[in-house]
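Colleague: Shown below is the structure under consideration.
Every read-out reported here was derived from the displayed coordinates using simple, explicitly stated rules and does not represent laboratory data. Keep in mind that this is a model prediction, so the values were computed, not measured. Cβ atoms come from the backbone with ideal geometry, glycine included; neighbour counts cover every protein chain shown.
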Amino acid sequence: MNLSKEIQYVKGVGPNRAELLNRLGIFTLKDLITYYPRAYEDRSKVKNIAECVNGEEALIEAVACGKLSDVRLHGKTMQKLLVKDETGSATITWFNQSYLKSKFKMGEKYKFYGKIINSFGKITMNSPVFDEEEGNFNTGKIIPLYPLTYKLSQNILRRIMENGLLEVEGELKETLPEYILKQYNLEEINEATKKIHFPKELKDFDIARKRFVFEELLSTQLALLQIKNSVMNEQNGIEFSKEAKMSDVINQLPFKLTKAQLRVLEEIDRDMESKKSMNRLLQGDVGSGKTVVAMCAAYKAVKCGYQVAIMAPTAILATQHLENFQKILKNLNIRCELLISGISKKKKEELLERLVNGEIDILIGTHAIIEENVKFKNLGLVVTDEQHRFGVKQRTKIANKGENPDVLVMTATPIPRTLALILYGDLDISIIDELPPNRKKVETFAVKKNMTERVNIFIEKQIKEGHQAYIVCPLVEENEELDLKSVEKLYETYKTQIFPQYKVEYIHGKMKAKEKDLIMERFKSGDIDVLISTTVIEVGVDVPNSNIMVVENAERFGLAQLHQLRGRVGRGEYQSYCILKYEGRSETVKERMQVMCETNDGFVISEKDLELRGSGDFFGTMQHGLPEFKIANLFEDMPILKMVQSLASKIVSEDPKLEKSENALLKELVKDKFMNRIEI
């Protein structure tokens, strides 16, 4: 058995289906058997026709009372089949499926599974799945339902899955040590794999799922604890002097810091003055004042004779940081410089020379800072902004440019503490949980599409008052090509039909960095009235004059993302507005829109997001340099997470590098899961 066997060579696949499976992230036999169902349908228990309730999904077993007949209805052809069991009769219908005529014989027994319509005692079932009496492929058991891609049906994927499972039957090597399986009463890997895909009873699925969730969370926790241990070697950090006072910067500020900012600065100060390396995550909602905190920490490092690297995800954000830093720190004789890919070769060479000579105190830049030719004389502090754009590996790479520098990671994505422990298990966590007193709440409204005209009138009113607007495009199922089209289409509509009298521009992720920066600069300087955009505007650019944002198809975004987008307005002294245009009547959509309208608290929103959507797509954990959770849901699986966290701590405290023989399987598991993402 070869788990790395290419998927196209699994029975029933071939080159064409392999392409479809690749879209689902299935490239090998191992990917296939670890592609878990999203739900199940219990088609195992037969119901009598007379017992069937309107609206329920049910399995009936009945005899065909005649042949399948065609009925013309509104230009369509409907196929009808009358069936009976000992308690009553039902009409089975299909549309435009004439080929089914050869499938049914009078007097033969069949099983049908589908939605029951009981109208005044008359039972109908539309387009059900069915099996002949002897067959049991579609009915008579619990059926797994998988996340699909276009042109790949549940039936085809189930058949492929069955073939894949036959190849590995009884051959899978155990990945968890015997002592863990026993202690936590976990299913053995071969049984669990069979049961997670094709459980005989629903309790089989629960048992199998517990095992895989436990394994997934344990391997993640172990990996993060190992990183934390390797980074936090107690004796090798920089011990910054108590003489350098952050209050020097605080006294220069034209505003007062909040209690939360001061509390966080105390935590950072303590870390910097201790012997161990600081490795801290600073969480704070949009506009809570994280940059000022970073500035105080940078000042302390420089005053102790060290250099500071500050890394931002975009050139425009790096430039904005530079402006903010220079405004305050130039009075304190601190030299700040900017390194982004757009600067000339000559300027870059000169800058790199000054950096290595120690003539630059604080270097602010983008990914360009990670490049090999960027060398510091004495790097003591690394600050990365909007961490989820970088990932663990890049963070490590920049830290390696100094001798165990302190690391501060800033994120404006409020993450529930439980999720933060998983995503940032290698970091200590600080939270700024209050906004400066002068910040006005962004008024948020959720409206249906039929309000479009009123929304446009409102936008125009704001433009006439001298403000600017963002219009954010819907996400088109992770398809950049379609995202692009939707931006361009919306741009044409606004430019030619809705606001031909105003300056309308668009921006999207496929543009070159220079183009994006130029458009954002023009928007910032007031040269653009309406900016049509994808979520590229999500990250921290300040345009104080923009006070209105409209999000098209808001139901397609997660709450955490909507909150991040909303944070682009309300950066100045004007009252700001966020209008969420949504479609769909589902309770979840309404609930999510209501949460956005009721609260501006990012932590409340992120908890709700986690509850409503689960952690799988909370914000794509792949961005964090961690493998995506295939099965764990951090909201549902909190009890297992707590169990796993205490077990992982115990294992690592007794066996930091997993070198004991009883932990050999765990070492393999961690290596296998994190091999290309984290150096362990």
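Colleague: Which Cα, out of Val409, Tyr99, Leu181, lies furthest along the positive dipole direction of the chain (beta carbon charges, K/R +1, D/E -1)?
Modeller: The residue sitting farthest along the positive end of the dipole is Tyr99.
Colleague: Could you state the orientation-averaged shadow area of the convex hull built on the Cα atoms of region 443-599, in nm² to one decimal? Intermediate values should be presented prior to the final figure.
Modeller: Working: hull surface 35.0 nm².
For region 443-599, averaging the hull's shadow over all directions gives 8.7 nm².
Colleague: How big is the gap, in Å, between the Cα center of region 566-610 and the Cα center of region 49-72?
Modeller: Answer, in whole Å: 45.
Colleague: While we're on this one: Averaged over every viewing direction, what's the projected area of the C-alpha convex hull for region 228-387? Give it in nm², one decimal, please. Walk me through the numbers before you get to the answer.
Modeller: Details: hull surface 38.1 nm².
For region 228-387, the mean projected area of the Cα convex hull comes to 9.5 nm².
Colleague: Taking every pair of Cα atoms in the chain, average 1/r, invert it to obtain the Kirkwood radius, and report Rg/Rh to two decimals.
Modeller: 1.03
Colleague: I want to check the label-to-label distance for Lys464 and Lys84. Put each point 7 Å from Cα in the C-beta direction and report it in nm to one decimal.
Modeller: 7.4 nm
Colleague: Now a separate question. From the C-alpha gyration tensor of region 84-235, pull out the three semi-axes of the equivalent ellipsoid (sqrt of 5λ each), sorted largest to smallest, in whole Å. The partial results should precede the final answer.
Modeller: Numbers: eigenvalues 426, 57, 51 Å².
So the equivalent ellipsoid measures 46, 17, 16 Å along its semi-axes.
Colleague: While we're here: Run the dipole for the chain about the Cα centre, Lys and Arg Cβ at +1, Asp and Glu Cβ at -1, nothing else charged, and hand back the magnitude in debye, nearest 20.
Modeller: Working: 100 positive and 99 negative charges, 265 e Å.
Charge dipole of the chain: 1280 debye, to the nearest 20.
Colleague: Counting only helical runs of four or more DSSP H residues, what would the 222 nm mean residue ellipticity of the chain come to if each run contributes -39,500 (n - 2.57) and the total is spread over all its residues?
Modeller: -11500 deg cm²/dmol
Colleague: Related question: Could you tell me which of the pairs Lys47/Lys141; Lys242/Lys327; Lys47/Lys109; Lys449/Lys489 are separated by over 19 angstrom between their Cα atoms in the structure shown? All intermediate terms of the calculation are to be shown ahead of the outcome.
Modeller: On the way: Lys47/Lys141 13 Å; Lys242/Lys327 25 Å; Lys47/Lys109 14 Å; Lys449/Lys489 17 Å.
Listed pairs above 19 Å: Lys242/Lys327.
Colleague: Can you give the relative contact order of region 1-158 as a percent, counting alpha carbon pairs under 8 Å and 6+ residues apart?
Modeller: Computed value for region 1-158: 24 percent relative contact order.
Colleague: What does the charge dipole of region 45-140 about its Cα centre add up to, to the nearest 20 debye, if the Cβ of each Lys and Arg holds +1 and the Cβ of each Asp and Glu holds -1?
Modeller: That gives region 45-140 a dipole magnitude of about 460 debye.
Colleague: Can I ask one more? Which listed residue (Met295, Asn118, Met272) has the Cα farthest towards the positive end of the charge dipole for the chain, taking +1 on Lys and Arg C-beta and -1 on Asp and Glu C-beta about the Cα centre?
Modeller: Asn118
Colleague: I'd like to know how region 45-140 sits against the 2.2 N^0.38 Å rule of thumb: what's its Cα Rg over that expected value?
Modeller: Against the empirical 2.2 N^0.38 Å value, I get 1.01 for region 45-140.
Colleague: Given the pairs Lys495/Lys524; Lys608/Lys657; Lys111/Lys194; Lys245/Lys346; Lys397/Lys671; Lys256/Lys346, which are separated by over 31 angstrom at their Cα positions?
Modeller: Working: Lys495/Lys524 19 Å; Lys608/Lys657 37 Å; Lys111/Lys194 25 Å; Lys245/Lys346 37 Å; Lys397/Lys671 19 Å; Lys256/Lys346 41 Å.
Correct reply: Lys608/Lys657; Lys245/Lys346; Lys256/Lys346.
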